[in-house]
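The values are calculated or read from the model by the stated rules, or taken from the named source; none is laboratory data. Computed from a predicted model, the values in this text were never measured in an experiment. Because the Cβ atoms are built from the backbone with ideal geometry, glycine has one as well, and the counts that use them run over all protein chains shown.
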Amino acid sequence: MRKIGNVCLDETYYPGEDLYSDGAIEERILKLAEEYGESEYHKVIVKERDWAVMYHLAHERGNILSWYPFQKGAKILEVGSGCGAVTGALASHAGSLTCIDLSRRRSEINALRNRERDNIKICVGNFQDIEKDLEKDFDYATLIGVFEYGQGYIGGEKPYHEFLSAVMEHVKPGGKLLLAIENKFGLKYWAGCTEDHVGRMFEGIEGYPCADGVRTFTKPELIRILEECGYSDYCFYYPHPDYKLPLAIYSDNHLPKKGGLAGNFCNFDRSRLALMDEGRVFDEILENGLFDLYANSFFVEIRKEPGQEAPAQVIYAKYSNGRAPKFAIQTHIIGKGAEHPQVYKKAEYEEGRQHICHIARAAEGLQALWQEKGIFQVNQCRLEEDKIFFEYLQGITVEEILDELLEQNKLDQAMARIQKVVDSIVHAASVRDFQITPEFRQVFGDEELPAGIPAVEIGDIDMIFSNLLLNGEEKYHVLDYEWTFFFPIPVGFIVYRALHYYVEGAARRGILGEYVKEYAKMHPKAGFEEKTAQETGKSFCGFYEYFGVSGELQRIYAAMEQNFQRYKSGGYLSICDLYNTFGKAAFPLRGIMQEAERRRMQVYLDTGQGFSEENSYFIDQIFQDHMCCKISLPKGTRGVSVDPAFSACILRDIELQWEDGSSVPYVATGLEIEKNCYLFDNIDPKIIIGEIPQGKRQIEVSYKISILEGKTADLLMDKLNVKERIRDRVRKLIKG
């Protein structure tokens, strides 16, 4: 027995060598655990840009358990604790926590990262050896990402049955086993993700024809194992996007709403194909009542003895994502076993309690603000210790109404409904001329707004359509008012955000932009003209103008929104941001993986230390010949390098513009053939902006690209000896 910090490390059953390892990366993670504390791991992940580091150290790994209502002071057994991805989440609830893992190196990492906790004991060795002397009175046991290896751990004809039964032997009567595992039939595997454990497409779906020692299961298969082992009291939950980095926990008593599962962040470890729009497919799955069969992962609560009265259960949990600790919160719904469903929010960290209190204060302020006109009603709340409880309101949101109208192609009605909501926001409360305050600058930046624009004294900027529940024809319940500020906010900005988070929140809503484009053609005197995104570099500009948000205000409000997001994140990157930074590519069916890799754009930002891989990110071009994107410039940016491809190529019609539309000076490492047209004869083409004028915060980049390969690339390799016939060939490529 030895100690690392306050953690006891019991090596009585250690076989003398680690029988499995991820290799050299574990040495790196050990060093990181020695040098950094838990609160610094996010910065480490951003710096390291490595999936293994993220997988073992990310705070979000603990989301699979931190929502669960553990009995206070419980005695918990964690089987397969690894590097401690969820150990901290368990220890924060436990009176005592016993961990078991086969690897000494991983156990040392676990002990180091939890060294300040005094309620953890880690047993190093094979579970089958250790369990002989293990107590049998644990309140909870956990198998998080472990059960699938039962065949390798246990062996025999029914290894998974034996593994489950062996762990349950150490749970006391009435205790629970908590199990998390991938769903063999998870939609992501049908949609083009490789199987998590073996890295082959469709391996699990096809019944693991090539893999030994690992198995995941469908829901019916898991139920069969549970019931054949004698356990009939169980409850399934559905972590999304999966159990490794869950941002939401659903249950059979609270399933996702249609349109709520767009986006996919499941492929940090390997590139994948994108064979379908998973959000749309999930909508069909939900409509047909099949979500429990195709959810990407399962979390299963298994009670040792059935028939006992269960306390009220959490039926839904959602985590804030990409927020500074002082704003990080969880949202829970308690339903099963409760007299009435309850909704509450709580802070993830101690410093977040002030934000929870702020929400209660916001409810009072908004209720007074809206009382006179009565268009909006605040979802009533009450503050209890570290939680804030809300009314559980049922009904249909404005977002759901609009989506239904779009599905029925009732675009006129959808636009009329949006106009009604916009008018309601504009006239909800008395206004005054906007005046900027120091508090406003802290949150929204130093954007210069036109004089005399109307503002409200107290502003809820999150009056987006998913937060507005219809209560009668003209009145709305505001479900969430977390982002309320007690200083003047332009009413137009509140409107802009409502429009933005609807029309740009799902691809299928793009039809509204087309509607406005046609409307502008038919009504040339309407006062605006819908231009294409290709012409402006911006999407839906005419859509905003239709509802009274001018092009200039769109630019200002977009900048305010960016500043607000920076204020909210405090430098903490969301899962989506991390994916954009170092996630693997998702290649659509219309291309091949190798070609898409060649077409990835990489953007380097020089913030004072020169260009480096650590300060870069990727933009996937997805086989587009015409690239159009925006590059945001953090304060202090000194230079930008754009690598348009990992291939020899020709770029033509290159246009770089600042946010005000003026041209951006640049140099290119290729041979200039014509104005704004370059030939790059190697796999490292670059466009370099060497100087960023003060105040510039965005570059809009546009060009057309032709990838060169085969004999054509060979002809163009030596740019110092380009002959006229080669120039003619290049010109033909440009025209063709």
Somewhere in segment 326-341, is a residue in the same structural domain as GLY174 (by TED's automatic domain parsing), in contact with a helix residue (DSSP H, G or I) (Cβ under 9 Å, 6 or more places away or on another chain) and under 29 Å from SER574 (Cβ atoms)?
no
Segment 564-632: strands (runs of 3 or more DSSP E) wholly inside it with 1 or more residues that are in contact with a Pro (Cβ under 6 Å, 6 or more places away or on another chain) and of a type outside the set (Gly, Ala, Ser) are 601-606
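To keep it simple, each residue is scored yes or no on (1) outside any helix (DSSP H, G or I); (2) of a type in the set (A, V, I, L, M, F, W, C); (3) in the same structural domain as TYR501 (by TED's automatic domain parsing).
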{"residue": "ASP412", "(1), (2), (3)": "no, no, yes"}
{"residue": "GLN419", "(1), (2), (3)": "no, no, yes"}
{"residue": "ILE425", "(1), (2), (3)": "no, yes, yes"}
{"residue": "ILE436", "(1), (2), (3)": "yes, yes, yes"}
{"residue": "PHE440", "(1), (2), (3)": "no, yes, yes"}
{"residue": "GLU447", "(1), (2), (3)": "yes, no, yes"}
{"residue": "LEU469", "(1), (2), (3)": "yes, yes, yes"}
When only residues in segment 340-389 that are touching a residue at least 60 places away in the same chain (Cβ under 8 Å), among the hydrophobic types (A, V, I, L, M, F, W, C) and in a strand (DSSP E or B) count, which is farthest from ASP423 (Cα to Cα)?
VAL378
Condition first: out of contact with any Phe, Trp or Tyr (no Cβ under 7 Å at 6 or more places or on another chain), of a type in the set (Ser, Thr, Tyr) and assigned to a loop (DSSP other than H, G, I, E, B). Now tell me which residues in segment 227-255 satisfy that.
TYR231, SER232
Could you pull out the residue among VAL431, VAL422 that is more than 28 Å from the chain's Cα centre (by Cα) and either within 30 Å of ARG353 (Cβ to Cβ) or surrounded by fewer than 18 Cβ atoms within 10 Å (Cβ to Cβ) (or both)?
VAL431
Let me spell it out: the conditions are (1) closer than 16 Å to LEU293 by Cβ; (2) aromatic (Phe, Trp, Tyr); (3) in contact with a Ser or Thr (Cβ under 7 Å, 6 or more places away or on another chain), and TRP190 meets all of them except one. Which number is the exception?
(3)
I'd like to check something: does segment 601-613 contain any residue that is among the hydroxyl-bearing types (Ser, Thr, Tyr), at pLDDT 95 or above and crowded, with 17+ Cβ neighbours inside 10 Å?
yes
Give just the number: which of (1) assigned to a loop (DSSP other than H, G, I, E, B); (2) surrounded by 16 or more Cβ atoms within 10 Å (Cβ to Cβ); (3) not β-branched (Val, Ile, Thr) does ASP212 not satisfy?
(2)
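Search segment 502-513 for residues being assigned to a helix (DSSP H, G or I) and touching an Asp or Glu at 6+ places or on another chain (Cβ under 9 Å), and hand back the single one that is modelled with the highest pLDDT.
Narrowing segment 502-513 to residues assigned to a helix (DSSP H, G or I): 502-503, 507-513.
Imposing the further condition that a residue be touching an Asp or Glu at 6+ places or on another chain (Cβ under 9 Å) reduces the set to 502, 507-510, 513.
Numbers: TYR502: 95, ALA507: 81, ARG508: 85, ARG509: 91, GLY510: 89, GLY513: 88.
So the residue we want is TYR502.
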Let me spell it out: the conditions are (1) part of a loop (DSSP other than H, G, I, E, B); (2) under 19 Å from TYR579 (Cα atoms), and LYS635 meets all of them except one. Which number is the exception?
(2)
Residue list for segment 597-619, restricted to those being under 23 Å from the mean Cα position of the chain (by Cα) and either over 19 Å from ILE688 (Cα atoms) or hydroxyl-bearing (Ser, Thr, Tyr) (or both):
GLU597, TYR604, SER616, TYR617
